[in-house]
1. How do the pairs read when you match residues in region 7-23 that are farther than 22 Å from residue 39 by Cβ with residues anywhere that are modelled with pLDDT of 90 or more and in a loop (DSSP other than H, G, I, E, B), using Cβ under 6 Å and keeping only pairs 6 or more apart or on different chains?
2. Can you find a residue in region 15-22 that is in a loop (DSSP other than H, G, I, E, B) and surrounded by 11 or more Cβ atoms within 10 Å (Cβ to Cβ)?
3. Just checking, which of 58, 70, 65 is open to solvent by 80 Å² or more (accessible area, probe 1.4 Å), touching a Lys or Arg at 6+ places or on another chain (Cβ under 8 Å) and either in contact (Cβ under 8 Å) with a residue 24 or more places away in the chain or closer than 24 Å to residue 2 by Cβ (or both)?
4. Consider region 35-70. How many of its residues are part of a loop (DSSP other than H, G, I, E, B) and aliphatic (A, V, I, L, M)?
5. Looking at (1) closer than 21 Å to residue 3 by Cβ; (2) among the polar types (S, T, N, Q); (3) open to solvent by 50 Å² or more (accessible area, probe 1.4 Å); (4) in contact (Cβ under 8 Å) with a residue 24 or more places away in the chain, which one does residue 53 not meet, given that it meets all the others?
Amino acid sequence: DTTKQIVSGIKAWYKPEEMVGKKVMVLLNLKPATLAGVVSEGMILCASDAEGNLCIMSPEKDMPSGSAIS
């Protein structure tokens with residue numbers, strides 16, 4: 001297991017406590033970037049509608065952490 005830190009701009013749609021234990025899809029093969037002074041090593045995959053409402057992409061079934069997206 002490796003731990004990655006991801007900085008994301010989703011606070012308008014999700015509270016920190018809502019994210020605890022939530023399985024999300026992430027993209028990790030990105031070059032690390034510094035956002036708001038913090039290194040981010042990936043991206044949480046989300047969808048947005050025409051009004052800009054955001055929804056986190058999550059697995060349809062219970063998949064093990066670290067499963068590949070293909």
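The values are calculated or read from the model by the stated rules, or taken from the named source; none is laboratory data. Note that the structure is predicted; figures quoted are calculated from it, not measured. Methodologically, a virtual Cβ is constructed for each residue, glycine included, from the backbone with ideal geometry; neighbour enumeration extends over all protein chains shown. Ligands, DNA and RNA are stripped out before the accessible areas are found, and what is left, the full protein with its side chains, is counted by its heavy atoms. Shrake-Rupley method; radii C 1.70, N 1.55, O 1.52, S 1.80 Å.
1. Once the first residue is farther than 22 Å from residue 39 by Cβ and sits in region 7-23, its partners that are modelled with pLDDT of 90 or more and in a loop (DSSP other than H, G, I, E, B) give 23/58; 23/59.
2. Applying the first criterion (in a loop (DSSP other than H, G, I, E, B)) to region 15-22 yields 15, 20-22.
Filter once more, keeping what is surrounded by 11 or more Cβ atoms within 10 Å (Cβ to Cβ): none.
No, the conditions are met nowhere in region 15-22.
3. Values: 58 fails: open to solvent by 80 Å² or more (accessible area, probe 1.4 Å); 70 fails: touching a Lys or Arg at 6+ places or on another chain (Cβ under 8 Å).
Checking each option against the conditions leaves just 65.
4. Narrowing region 35-70 to residues part of a loop (DSSP other than H, G, I, E, B): 36-37, 41-42, 45, 49-53, 57-70.
Of the ones still in play, those that are also aliphatic (A, V, I, L, M) are 36, 45, 50, 57, 63, 68-69.
The number of residues fulfilling the criteria is 7.
5. (1)
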